[in-house]
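A.B. asks: Below are the structure tokens for one structure; questions will follow.
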Amino acid sequence: MVDEVQAFELFRFADSVQSVTVEVRCGEPLLMEEERYYAAEIVVESGFVTGRVGLRVSLEDLDEWERCLDALQADEGAEWPAGGRSAWLEVAPDDPVEVTVHDSPSTQIAVRVPIDVGSEWLQENRLRLADVRKAVTRSS
């Protein structure tokens, strides 16, 4: 858990110098038509740039992130979340892993962060996804 308002990391790409994470607040969802959205932030931290950009995450987005993890495990790139409605990121499973955060359609700024992830990064991110799913199920 990240803080007292039920914020959980959906995923983390990190090394000893920099990181990109997504923190999801698993409290009361925003209802839009039939879909529930949870407040979230993409967080970039490095010696060069540190920033946060907000987005909303749905249950469908969580399913999409699981498919992205499957693609990354198969050494394919991934983009998340789909739909172009908010900030998004793309992940290239190179050595090092490259995570590019796009703040569009807002500022149109993109930041690419190369990260030397540990050997267990996929399994750790699958566990984080499971924790977020449990938290949003409890809050619904």
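A.B. asks: Could you sort Leu69, Leu127, Leu30 by accessible area so the largest value comes first, with the probe set to 1.4 Å?
C.D. replies: If we order Leu69, Leu127, Leu30 from most to least accessible, we get Leu127, Leu30, Leu69.
A.B. asks: By how many degrees, between 0 and 90 and to the nearest 10, does the Cα long axis of helix 59-73 differ from the longest principal axis of the chain?
C.D. replies: 20 degrees
A.B. asks: Can you bin the range 1-81 into rounded, prolate or oblate? Criterion: square roots of the alpha carbon gyration tensor eigenvalues sorted a ≥ b ≥ c, rounded for a/c under 1.5, prolate for a/b above b/c, oblate for the rest.
C.D. replies: It is oblate, given that a/c is not under 1.5 and a/b is not larger than b/c.
A.B. asks: Something else: With springs only between Cα atoms under 10 Å apart, run a GNM on the chain and tell me which of Glu41, Glu66, Glu120 wobbles the most.
C.D. replies: Glu120
A.B. asks: Could you state the angle between the C-alpha long axis of helix 121-139 and the longest principal axis of the C-alpha atoms of the chain, as a value from 0 to 90 degrees rounded to the nearest 10?
C.D. replies: The angle comes out near 10 degrees.
A.B. asks: Measuring from the lowest to the highest alpha carbon on each principal axis, how far does the range 8-140 reach, largest first, in angstroms?
C.D. replies: For the range 8-140, the Cα extents along the three principal axes come out at 40, 33, 23 Å.
A.B. asks: Right, next: For the range 1-125, what's the relative contact order in percent, using C-alpha pairs closer than 8 Å and at least 6 residues apart?
C.D. replies: Answer for the range 1-125 is 18 percent.
A.B. asks: Carbon and sulfur atoms: what percent of the 1.4 Å accessible area of the chain do they account for?
C.D. replies: It is 47 percent, rounded to a whole number.
A.B. asks: What whole number of Å gives the distance from the Cα centroid of the range 1-78 to the Cα centroid of the range 104-131?
C.D. replies: Centre-to-centre (Cα) distance: 8 Å.
A.B. asks: Mind ranking Arg128, Arg36 by accessible surface for me, highest first, 1.4 Å probe?
C.D. replies: The ordering from most to least exposed comes out as Arg36, Arg128.
A.B. asks: Hey, what did the range 1-57 get for relative contact order, percent, Cα under 8 Å, at least 6 apart?
C.D. replies: This gives 27 percent for the range 1-57.
A.B. asks: Which order do you get for Phe13, Phe48 if you rank them by accessible area with a 1.4 Å probe, largest at the top?
C.D. replies: If we order Phe13, Phe48 from most to least accessible, we get Phe48, Phe13.
A.B. asks: Let me ask another. Net charge near Ser58, counting Lys/Arg +1 and Asp/Glu -1 over other residues with Cβ under 15 Å of its Cβ?
C.D. replies: Neighbour charge sum, excluding Ser58 itself: -3.
A.B. asks: If you don't mind, there's one more thing I want to ask. Taking the solvent-accessible surface of protein heavy atoms with a 1.4 Å probe, what is the per residue accessible area of the chain in Å²?
C.D. replies: 55 Å²
A.B. asks: Using the 2.2 N^0.38 Å rule of thumb for compact globular proteins, work out how the range 69-140 stacks up: its C-alpha Rg over that value, please.
C.D. replies: Cα Rg divided by the expected 2.2 N^0.38 Å: 1.24.
The values are calculated or read from the model by the stated rules, or taken from the named source; none is laboratory data. Quick caveat, the model's predicted, so the values are computed rather than measured. Backbone-built Cβ (ideal geometry, glycine too); neighbour counts: all protein chains shown. Accessible surface is based on the protein model in full, side chains and every heavy atom, while ligands, DNA and RNA are left aside. Shrake-Rupley method; radii C 1.70, N 1.55, O 1.52, S 1.80 Å.
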